[in-house]
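Note sheet for the following structure.
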Amino acid sequence: MVERFKGELPAIVRFLAFPAAFLPLGQALTFAVRRFARRKPAMFDRLGDYGRCSFLIAPTDLDFAFLVVPDGARAEVRTLTRRHGVEADVTVKGPLLVLLGLLDGTFDGDALFFNRTIDVAGRTDALVAFRNAIEDAELKPSDFVGLKGEIAGLLDKWVFRGLDMARRLTGAPMGGEAR
Amino acid sequence: MELVCPAGTPAALRAAVDAGADSVYCGFRNETNARNFPGLNFSDAEMAEGVAYAHAHGARVLVAINTFAKAGAMKSWADALAVADQAGADAVILADLAVLDHAARHHPRLKLHLSVQAAAATPEAIKFYADTFGVRRVVMPRVLSVEEIAKLNAAIDVETEAFVFGGLCPMTEGRCALSSYATGKSPNLTGVCSPPEHVAYSNDRDSTATRLNGFTIDRFGRDEAAGYPTLCKGRFVAGGKTSYLFEDPVSLNAASLIAALSKAGVTALKIEGRQRGKGYVAEVVKTFRAAVEAVEAGRDEVEVGRLLAGLVEGGRQTSGAYKKTWR
């Protein structure tokens, strides 16, 4: 029996977060990813042609998912509720806090796959390229909101501290533990 | 002992150096490198920056140019050697005779290491590489016990480097044709074992199936640990029984043998995992740095197996051929 990471958000959070699917979250994320692409194009160079693939990022503890086409300055992000039956080149499913830990490099994707914390399907070559490009980009929250300098450092510190606290509260592993 | 650590990206290189690596091994984004996966590896400029970062922090960079050159198409390998030399790399890790010959003739500054892909496991083979090309270090094939490595070291006068953690290959490194049988591509020639464009996972309610170019090579239940999608770690029916026929999905962990490997004359300990994330690199390097220092200081062993349990393939660890307990 495999010992999965914990870290599912409580049901109340899922309930409270559901209306977010109807907010213009997709447009906001699209804007943020395009801004990031302009600031740090190296990640998209590393991704190459796989940037035109579609990635369905589906948190198992939320009632909506994100469809991402990370095509640099032409990137698109859409939020989709479960009722949308969408085909994507790649699908990744897992708890939200774990998926966020993949974005910032806290967790190792292979380890999460080995212990079945995440499920993947679709084009494995696109998934591997996406994972490696994200890994090297060393993503920080400030990159997406366009902040620089001291204020960017403060934002990153508080967001990472918040994520650490959320992982502690949900029983997910922390950075430095069984990643 | 020297700790040799993996880096698939510049971020992983920095993570390895910051976590205490003595040396970092990495490769270019092309077929010269036995970890030629999409989105992985270094551009020419990134290699120069990586070497500069490592040197500024007292670490060395070893560039893996460890596939076998194609007949009549040597240019990629010659270019990789030239770029590694120009970037200031400390050594190159090579397997192919022609590439070794080219490096010895045209890049005398570069220290030559013999890749595990060359599968040199006898004093005669190692002596040939040392005498002919000036090879100064040999990466030990993962088929030898600690006692066999000790005997080998007594018979040769080049350094040896032994894997201590990470993925395992079955016992034909550099000569394995399983991946090319199923996909037409192999780590030996194109730098990819089970190239990801041929790998597909399909999930149903109770299980996940792994397919390699249409062949179903494994199926694991919801609560069963998974491994890499390679034929050597697939499950097959033989003699009426379904089992891992070649090798179980399991990670090498030889932390408890660090002192024995040192006594056997091993110069450097190698961590596998250039395809892994920087979370893995930082954690494994930090843990093995502490383990090596504990052994050298005569302190209690670090519990590496427990600390790294969440990172291992198939949820299991083995000392592999070092102990040969099956004998």
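The values are calculated or read from the model by the stated rules, or taken from the named source; none is laboratory data. Note that the structure is predicted; figures quoted are calculated from it, not measured. Quick reminder, even Gly has a Cβ in these numbers, built from the backbone with ideal geometry, and neighbours come from all protein chains shown.
Against the definition (closer than 30 Å to residue B:206 by Cβ, crowded, with 19+ Cβ neighbours inside 10 Å and either touching a Cys at 6+ places or on another chain (Cβ under 6 Å) or among the charged types (D, E, K, R) (or both)), how does residue A:8 come out, yes or no? Considered against the rule, which asks whether it is closer than 30 Å to residue B:206 by Cβ, crowded, with 19+ Cβ neighbours inside 10 Å and either touching a Cys at 6+ places or on another chain (Cβ under 6 Å) or among the charged types (D, E, K, R) (or both), residue A:8 comes out as yes.
Each row is one residue, and each column tells you yes or no for (1) over 23 Å from residue B:22 (Cβ atoms); (2) of a type in the set (Gly, Ala, Ser).
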site: B:268; (1), (2): no, yes
site: B:289; (1), (2): no, no
site: B:314; (1), (2): yes, yes
site: B:324; (1), (2): yes, no
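Given the criteria in a helix (DSSP H, G or I) and either surrounded by fewer than 16 Cβ atoms within 10 Å (Cβ to Cβ) or of a type in the set (S, T, N, Q) (or both), does residue A:13 qualify? Yes; evaluated as a whole, the condition is true for this residue. For region B:147-170, filtering for residues that are crowded, with 18+ Cβ neighbours inside 10 Å and assigned to a loop (DSSP other than H, G, I, E, B) leaves 5.
Residue-wise test of (1) over 26 Å from residue B:313 (Cβ atoms); (2) of a type in the set (D, E, K, R).
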| residue | (1), (2) |
| --- | --- |
| A:19 | yes, no |
| A:27 | yes, no |
| A:39 | yes, yes |
| A:44 | yes, no |
| A:49 | yes, yes |
| A:59 | no, no |
| A:70 | yes, no |
| A:73 | yes, no |
| A:82 | yes, yes |
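For region B:4-23, filtered to residues that are over 13 Å from residue B:272 (Cβ atoms) and away from chain A (no Cβ under 13 Å), the residue that is surrounded by the most Cβ atoms within 10 Å (Cβ to Cβ) is B:21. Within region B:268-320, the residues that satisfy the criterion of being small (Gly, Ala, Ser), within 18 Å of the chain's Cα centre (by Cα), more than 10 Å from every other protein chain (Cβ to nearest Cβ) and closer than 25 Å to residue B:224 by Cα are B:319, B:320. With the requirement that a residue be out of contact with any Leu (no Cβ under 9 Å at 6 or more places or on another chain), small (Gly, Ala, Ser) and buried (at least 17 other Cβ atoms within 10 Å of the Cβ), what does region A:16-33 give you? Scanning region A:16-33 gives a single hit, A:32. Checked against (1) within 13 Å of another protein chain (Cβ to nearest Cβ); (2) closer than 17 Å to residue A:110 by Cβ, residue B:49 passes all but condition (2). When B:245, B:257 are screened for being surrounded by fewer than 19 Cβ atoms within 10 Å (Cβ to Cβ) and touching a strand residue (DSSP E or B) at 6+ places or on another chain (Cβ under 8 Å), only B:245 passes.
Within region B:180-221, the set of residues being touching a strand residue (DSSP E or B) at 6+ places or on another chain (Cβ under 8 Å) and among the hydroxyl-bearing types (Ser, Thr, Tyr) comprises B:183, B:194, B:201, B:202, B:207, B:208, B:210, B:216. Quick check, is residue A:87 in a loop (DSSP other than H, G, I, E, B), over 30 Å from residue B:306 (Cα atoms) and either of a type outside the set (S, T, N, Q) or touching a helix residue (DSSP H, G or I) at 6+ places or on another chain (Cβ under 8 Å) (or both)? Yes.
Do we have any residue at all in region B:197-218 that's under 29 Å from residue B:243 (Cα atoms), in a helix (DSSP H, G or I) and within 14 Å of chain A (Cβ to nearest Cβ)? Scanning region B:197-218, I find at least one residue that is under 29 Å from residue B:243 (Cα atoms), in a helix (DSSP H, G or I) and within 14 Å of chain A (Cβ to nearest Cβ), so the answer is yes.
Looking only at residues in region B:275-304 that are among the small types (Gly, Ala, Ser) and over 20 Å from residue A:106 (Cα atoms), the one that is surrounded by the most Cβ atoms within 10 Å (Cβ to Cβ) is B:291. Can you spot a residue in region A:123-138 that is more than 8 Å from chain B (Cβ to nearest Cβ), hydrophobic (A, V, I, L, M, F, W, C) and part of a loop (DSSP other than H, G, I, E, B)? So far as region A:123-138 goes, no, none of its residues is more than 8 Å from chain B (Cβ to nearest Cβ), hydrophobic (A, V, I, L, M, F, W, C) and part of a loop (DSSP other than H, G, I, E, B).
When you go through A:107, A:160 one by one, which is the residue that is within 26 Å of residue A:42 (Cα to Cα) and under 13 Å from the mean Cα position of the chain (by Cα)? After ruling out the rest, the residue left standing is A:107.
For the residues B:119, B:103, B:98, B:71, the requirement of being over 26 Å from residue B:12 (Cα atoms), modelled with pLDDT under 95 and out of contact with any Gly (no Cβ under 7 Å at 6 or more places or on another chain) singles out B:71.
Scanning region B:181-213 for residues that are among the small types (Gly, Ala, Ser) and surrounded by fewer than 16 Cβ atoms within 10 Å (Cβ to Cβ) yields B:184, B:202, B:207, B:209.
Would you pick out the residues in region A:31-58 that are in contact with a Lys or Arg (Cβ under 8 Å, 6 or more places away or on another chain) and closer than 22 Å to residue A:143 by Cα? Answer for region A:31-58, where residues must be in contact with a Lys or Arg (Cβ under 8 Å, 6 or more places away or on another chain) and closer than 22 Å to residue A:143 by Cα: just A:34.
Checking B:80, B:125, B:52 one by one, the residue that is crowded, with 21+ Cβ neighbours inside 10 Å and modelled with pLDDT of 95 or more is B:80 and no other. Applying the condition of being in contact with a helix residue (DSSP H, G or I) (Cβ under 6 Å, 6 or more places away or on another chain) and without any contact (Cβ under 8 Å) to a residue 60 or more places away in the chain to region B:277-294 and asking which residue is nearest to residue B:251 (Cα to Cα) yields B:280. Looking only at region A:52-72, decide whether some residue is within 9 Å of another protein chain (Cβ to nearest Cβ) and in a loop (DSSP other than H, G, I, E, B). Taking every residue of region A:52-72 in turn, none turns out to be within 9 Å of another protein chain (Cβ to nearest Cβ) and in a loop (DSSP other than H, G, I, E, B).
Of all residues in region A:105-122, those that are more than 7 Å from chain B (Cβ to nearest Cβ) and surrounded by fewer than 24 Cβ atoms within 10 Å (Cβ to Cβ) total 2.
A quick yes/no check of all residues on (1) at pLDDT 85 or above; (2) surrounded by 21 or more Cβ atoms within 10 Å (Cβ to Cβ); (3) within 20 Å of residue B:38 (Cβ to Cβ); (4) β-branched (Val, Ile, Thr):
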| residue | (1), (2), (3), (4) |
| --- | --- |
| A:91 | yes, yes, yes, yes |
| A:146 | no, no, no, no |
| A:154 | yes, no, no, no |
| A:161 | yes, no, no, no |
| A:174 | no, no, no, no |
